[in-house]
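Engineer: After the structure tokens below, expect a handful of questions from me.
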Amino acid sequence: MSLAAPVMSSSVESLPTHESDAVRRDRMRRRNGSLAVFAVLAALAVVFLREVPSWMDSGIQRWAQDRYKWSITNRQTSPVFRWLFNPLTDFLTWSVEHTETLLLDLRWPGVVALIAAIGWRTGGVQAALAGAGAMVGVGVIADFDPAMRTLAIMTVSVVIALVIGIPLGVLSARSDRLERVLRVVLDTAQVLPIFVYFSPVQLFFGLKFAPAVVVTVVYALPPAVRLTNLGLRQVPVVANEVGHSFGATSLQQLFKVQLPLAKNTILLGLNQVIMMAFAIVVLASLLGTGDLGQSVLAGLQKQHVGQAFAAGMGIVLMAVALDRVSTGRPERPLSRQNRLPAVPRNWITPISVAAVALVVVLANAFDWRRFPSSLTYDISSPIDSAVDWVQRNLRKDVPIIGGTQAISDFLVIRVLNPMKEFLLWLPWLVIVVGIAFIGWLSRGWRLAATIAVCLLLIATMGTIPGGGGQIQMWDHAMDTLSQVLVAIALSVLIAFPLGVWAGRSDAVHRVLRPFLDIAQVLPQFVYLIPVVFLFSIGRAAGVVACVVYAVPPCIRLTALGMREVPTSPREAAISFGATGGQEMRRVQLPLARKAILLGINQTLLMVLATVIIAALVGAGALGLVSYEATSKPNLKFGQGVAGGLSIVLLAIMLDRLTQAWGTRPNREEKQSR
Amino acid sequence: MLVSRKLNKGEYMIFNGKKRHLAVAAVMLATLAACGDDEKAATTASGDCKELTGDAVTLAVNPWTGSAVNAQVAKAVIECQLGTPVEIIEIDEYATWVGLDDASIDAVLEVWPSGHAADYQTYITEKGTVIDLGLLGPSAKIGWYVPKFVVDEHPELASWEGFQDPALAALFGTAESGELGQFTMGDPSYVTFDEQIIANLGLPLKYVVAGSEAALLTAIDQAIADNQPLLMQFWKPHWKHLEAELVEVALPAITPACEAAAASGDGTYACDYPVDELMKAANAGLEAKNAAAFNVLKAFQLTTDQQSEIAGYVDRDGLTAQAAAEKWVADNPDVWGAWLG
């Protein structure tokens, strides 16, 4: 999940080079005025409105429910279905079925060879070996045939995401207004819980492959648009002007100058699209795809954690294979890379095509249809016994910490309950004004207004039945907010020290990296249910699941930030006699501050992605409300839509706020000016 | 995710001007792949089975064993005796109705009607795109359950009246429920009157949604391992009854008032759950598409014992649903012989 990857941080706003006394006094006066405005608003809020008033209900729930009902009644007759959705459905199903047939007919050695060939082309021998190795690993650990079905769905989805995303990116690079609109749309698409659009997608696209592709495209599209946009906007002005002066038309300019120069960024987008697509594969399998994702779900439904884990690792390995061959990332300098194969570049394609062809012919001739069972390795039994051991030994009677059950109870009673009760105790307008005030302190009026609008919109989402009466959606939002805040705090507490350590020690970095890679692609479902083994059903399990998912990117980005600090100021500090610790605290950490804060922004988005599916282990709140849009659409679709939109609004608010911290100028920069 | 920030120029030759090579490669691969097609011989079982021809009939399997074995038994019979291929699609209960509506699913052999009154109304009564295929045979029942050790220690908890005592209810307390006892609900998609029952009987319990069946099953294991009381919504038949001793808590008998409350949804329900007579449903076009298969599915019936026997092969003996169904079909030709009419 990335609403805003670090690469997209807007440039640091420029500050006046120096302030005269008059300017400063004027600024102080304005600040005091603003403080007074917020104080008056807060006071009014306390006096007048403790609860969200019923007149604010926008009726969105009923509206959405009626649209759903209409679609059910009219899906056979309405022209929208007959001329748009039905042909589209047929096309998508046809594409996936034929891609799957093709992959299966290549036989497994052919698929491995194909991946290796692509890897060789993009990243040399190393990428070829990594890709092929990971692909063989899929067969060793999981079933190869369902994996090919997953791969077919992924391939079709990624191609469609690029076909839609790159032109959209080109257009938004040329229009600031379109970019702003698209940004909100894409943020919404990515944060809106999949549960909310599950039922409509089924109505529009039926079951199995077509809706799975649609869901995957919605989720994987944003990076294609964003990174194309970013790449084109980063093309140097000079390059554009040279093109102009040679009389290039606008289209020539685009295809001959801008796109080639933006190629690397766009390809980074391709890589991100693939990773996003893999992140959604298990959820998409709820539509009846019968692929590897469904093996994960089936394993969990029967409490066979080992089986779910094996299938999950299969997905991870496939993602790793595609990641390696799509970034072609050389670990070593290119010069040494190219020396390994003594093959001129323009021979690579013919050689690899011939090699793949040979492998396919052989595989078909000898009928290597199935992955040889002698090569498979069953990881499910050791996993099952490990999980069993953990469940029996870590839950209770552990010396000192008392076991996970005690941690779980502590989290609920001492942390989550007080937090939630505090948020519910505060008059709702005080929360609106208060968070807007934080926004104003961070970035000024514009951010304050954004935050206030988000929160006010949540208040228009109405009420839902529960607890023997009606509960405000606002209350559910505050429940979710309390879980999100606790999960973020815990993630940062765990990830920050590890990230700093990994940022300063290459050995630690090397040890952590493979775990971080796996943890980021491993479907959340694989550990969602095992989390319940240790932390009993409820919000504690949900928060822990969020933390497990959010810690790896937080570590990664913290370490990255630390590593990107230039060496010269650090060496200067040492040469002036600073100890290692002083150098870290006074030089490296402050210089890495922005990158680390953007890491927190990413952590937040990870937490928001997980807090929704945490409803499946008892976390309740907005996640449960939106899940019910899937589970009982004929009764609760409208509620689910309202709940899902509330999550989007919370996400946009928190995202803009943490992003403002990440892009605020460093204190050092301010002082040096 | 997994992004390298070091991007060097010229690493992405695949997108460069060498499209000719790629096109050649694609054509070659496609040709080779096509060569493999004719090898797709029929992989069906030997014996006196008919060869598979024609369009497949699609059966939905919902995520529980009973549903899977019904469909696999039907598949084994229809494929072998009629020569019609049967495709199985694993899908959740509510999506099943959407599939029945647009004929991407031809039939489902186990519907628990209590959870689908609205779907029955919409698709069968109003739209007429789905038809009622009659009863499957077994009946099922949702209810309140506790592990057996709870009733051994406190016999009064075998009935709902026992839960009126706050001290006894508090035995079921957790961090989430505070001073009250916790009532645990599994998957929120299941039919539930529990919140209403708790409120209308005035029980000191807090309704907590575990979120999924898997989470609920884990809670059962933990409760039994820790001797920690657990009160939950559960049902029969379910494979968990084979390995965990669970006792149903008696709730007030169903009254006409409760039936009215269930129909109107006015929130006054305060009785036990009704018995679910499991039923079958099909797309309305199935009879025209394949009358022979339609007739078999319409006649398809299993007794509770027969279904438990096949489910036992899966849940107890670790067979796949397909293997279990084939074993049972081989052993019981007289039962399915009757479906062929």
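The values are calculated or read from the model by the stated rules, or taken from the named source; none is laboratory data. Fair warning: this is a prediction, and the values are worked out from it, not measured in the lab. Glycine gets a Cβ as well: all are built from the backbone with ideal geometry, and neighbour counts include every protein chain shown.
Engineer: Taking A:ARG414 and the conditions (1) at pLDDT 80 or above; (2) among the basic types (Lys, Arg); (3) touching a helix residue (DSSP H, G or I) at 6+ places or on another chain (Cβ under 7 Å), which numbered condition does it fall short on, given that it satisfies the others?
Structural biologist: In the conditions (1) at pLDDT 80 or above; (2) among the basic types (Lys, Arg); (3) touching a helix residue (DSSP H, G or I) at 6+ places or on another chain (Cβ under 7 Å), A:ARG414 misses (3) alone.
Engineer: With closer than 16 Å to A:ALA477 by Cα and within 14 Å of another protein chain (Cβ to nearest Cβ) as the only criterion, which of A:GLY620, A:GLY599, A:GLY561 stands out?
Structural biologist: A:GLY620
Engineer: Filter the helices (runs of 4 or more DSSP H) completely within the range B:236-341 down to those with at least 2 residues that are of a type in the set (A, V, I, L, M) and under 26 Å from B:GLY115 (Cβ atoms).
Structural biologist: Ranges flagged: B:256-264, B:291-299, B:304-315, B:321-331.
Engineer: Checking the condition touching a helix residue (DSSP H, G or I) at 6+ places or on another chain (Cβ under 9 Å) and either within 19 Å of B:TRP339 (Cα to Cα) or at pLDDT 90 or above (or both), which residue from B:ALA244, B:ALA292, B:ALA270, B:ALA262 passes?
Structural biologist: Checking each option against the conditions leaves just B:ALA292.
Engineer: Which one of A:PHE38, A:PHE81, A:PHE85 is surrounded by 15 or more Cβ atoms within 10 Å (Cβ to Cβ), under 30 Å from A:ARG446 (Cβ atoms) and within 36 Å of the chain's Cα centre (by Cα)?
Structural biologist: Unique residue meeting the criteria: A:PHE38.
Engineer: Could you list all residues from the range A:352-391 that are among the polar types (S, T, N, Q), within 9 Å of chain B (Cβ to nearest Cβ) and more than 30 Å from A:GLY403 (Cα to Cα)?
Structural biologist: The answer is A:SER352, A:ASN364.
Engineer: Does A:ASP145 fit the bill of being of a type in the set (Asp, Glu), under 30 Å from A:LEU624 (Cβ atoms) and in a helix (DSSP H, G or I)?
Structural biologist: no
Engineer: Within 20 Å of the chain's Cα centre (by Cα), over 18 Å from B:LYS141 (Cα atoms) and within 13 Å of another protein chain (Cβ to nearest Cβ), is that true of B:GLY211?
Structural biologist: Taking the combined requirement at face value, the residue satisfies it.
Engineer: So, in the range A:461-491, how many residues would count as being of a type outside the set (A, V, I, L, M, F, W, C) and crowded, with 19+ Cβ neighbours inside 10 Å?
Structural biologist: Selection size over the range A:461-491: 10.
Engineer: Counting just the residues of the range A:310-351 that are part of a helix (DSSP H, G or I), at pLDDT below 70 and facing chain B (nearest Cβ under 9 Å), which one comes out farthest from A:LEU267 (Cα to Cα)?
Structural biologist: A:ARG345
Engineer: Which one of these is part of a helix (DSSP H, G or I), farther than 24 Å from A:GLN520 by Cβ, within 11 Å of another protein chain (Cβ to nearest Cβ) and in contact with a helix residue (DSSP H, G or I) (Cβ under 8 Å, 6 or more places away or on another chain): A:LEU267, A:LEU259?
Structural biologist: That would be A:LEU259, the only listed residue that is part of a helix (DSSP H, G or I), farther than 24 Å from A:GLN520 by Cβ, within 11 Å of another protein chain (Cβ to nearest Cβ) and in contact with a helix residue (DSSP H, G or I) (Cβ under 8 Å, 6 or more places away or on another chain).
Engineer: Which fully enclosed helices (runs of 4 or more DSSP H) of the range A:17-135 have 1 or more residues being under 24 Å from A:THR150 (Cα atoms) and without any contact (Cβ under 8 Å) to a residue 60 or more places away in the chain?
Structural biologist: A:86-105
Engineer: Tell me the residue from B:ILE91, B:ILE142 that is under 23 Å from B:TYR273 (Cα atoms), buried (at least 21 other Cβ atoms within 10 Å of the Cβ) and not hydroxyl-bearing (Ser, Thr, Tyr), please.
Structural biologist: On inspection, the qualifying residue turns out to be B:ILE142.
Engineer: Collect the residues in the range A:359-398 that are in a loop (DSSP other than H, G, I, E, B), of a type in the set (A, V, I, L, M) and at pLDDT below 80, keeping them in residue-number order.
Structural biologist: A:LEU375, A:LEU394, A:VAL398
Engineer: Next up: Just to check your reading of the model, which residue among A:GLN483, A:GLN472 is touching a Lys or Arg at 6+ places or on another chain (Cβ under 8 Å) and either among the aliphatic types (A, V, I, L, M) or in contact (Cβ under 8 Å) with a residue 24 or more places away in the chain (or both)?
Structural biologist: Checking each option against the conditions leaves just A:GLN483.
Engineer: Looking at the range B:100-132, which of the residues that are touching a helix residue (DSSP H, G or I) at 6+ places or on another chain (Cβ under 6 Å) and part of a loop (DSSP other than H, G, I, E, B) is farthest from the other protein chains (Cβ to nearest Cβ)?
Structural biologist: Among those residues, the one meeting the criterion is B:ASP106.
Engineer: For the range A:551-667, which helices (runs of 4 or more DSSP H) that fit wholly inside it have 2 or more residues that are out of contact with any Asp or Glu (no Cβ under 8 Å at 6 or more places or on another chain) and aromatic (Phe, Trp, Tyr)?
Structural biologist: Of the helices (runs of 4 or more DSSP H) lying wholly inside the range A:551-667, those with at least 2 residues that are out of contact with any Asp or Glu (no Cβ under 8 Å at 6 or more places or on another chain) and aromatic (Phe, Trp, Tyr) span A:633-663.
Engineer: Here's something else I'd like to know. Taking the range A:625-653, which residues are in contact (Cβ under 8 Å) with a residue 24 or more places away in the chain, farther than 18 Å from A:GLN190 by Cβ and of a type in the set (A, V, I, L, M, F, W, C)?
Structural biologist: A:VAL625, A:PHE637, A:ALA642, listed by residue number.
Engineer: Restricting to the range A:519-537, and then to whatever is β-branched (Val, Ile, Thr) and within 10 Å of another protein chain (Cβ to nearest Cβ), can you tell me which residue is farthest from A:PRO553 (Cα to Cα)?
Structural biologist: The selected residue is A:ILE537.
Engineer: While we're here: If the requirement is being modelled with pLDDT of 90 or more and of a type in the set (Ser, Thr, Tyr), which of these qualifies: B:SER104, B:SER139, B:SER114, B:SER159?
Structural biologist: Testing whether each residue is modelled with pLDDT of 90 or more and of a type in the set (Ser, Thr, Tyr) leaves just B:SER159.
Engineer: Okay, next question. Which one of these is farther than 10 Å from A:GLY542 by Cβ, of a type in the set (Gly, Ala, Ser) and modelled with pLDDT under 80: A:ALA629, A:ALA595?
Structural biologist: A:ALA595
Engineer: Sticking with this structure for a sec: Take the range B:167-198 and flag every residue that is touching a residue at least 24 places away in the same chain (Cβ under 8 Å), at the interface with chain A (Cβ under 10 Å from one of its Cβ atoms) and in a helix (DSSP H, G or I).
Structural biologist: B:GLN196
Engineer: Still on this model: Checking the conditions here, which among A:LEU162, A:LEU207, A:LEU203, A:LEU186 is outside any helix (DSSP H, G or I) and within 24 Å of A:VAL282 (Cα to Cα)?
Structural biologist: A:LEU207
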